[in-house]
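Below you'll find the structure, written out as structure tokens, and then a few comments.
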Amino acid sequence: MTRYERVFVIGNAEGKVIGLAARHDPAEGEPHLRVLARAGQVVVEVSLPPEVAKLESLVDVHKALGRFRIQDGKLLPGDTAAK
């Protein structure tokens, strides 16, 4: 299993990935994370493509997700025609 196999992504109304969060087990006393979508945004949990999942840094993962879009709760290549 890669480090970031599944992440939560936030997408805007056009399907552009604008944020992400990965699951983690916080140390005792550390805050837990909650991801909320604002009006016109969605939050979905997605499986990352292998070439993105192997990246070491969440910053690099976020940059790589710029090539994708969210549609119908799925992460799709950015060049896939909208239906």
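Nothing in this text is a laboratory measurement; each read-out follows from the coordinates by a stated rule. Since the model is a prediction, treat every value here as computed from it, not as a measurement.
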Margin query: So I have (i) 6.3; (ii) 6.0; (iii) 5.5, and one of them is mean projected area of the Cα convex hull in nm² calculated from this model. Which one is it?
Written below: (ii)
Check: Applying the Karplus parametrisation 6.51 cos²θ - 1.76 cosθ + 1.60 with θ = phi - 60° to the phi angles of the range 50-61, what ³J(HN,Hα) value in whole Hz is obtained for each residue in order, glycine and proline being reported as x?
Finding: x, 5, 8, 4, 7, 5, 7, 10, 5, 4, 5, 4
Checklist line | Cut-off under 5 Å, modelled amide H: who pairs with F68 long-range | finding: G78
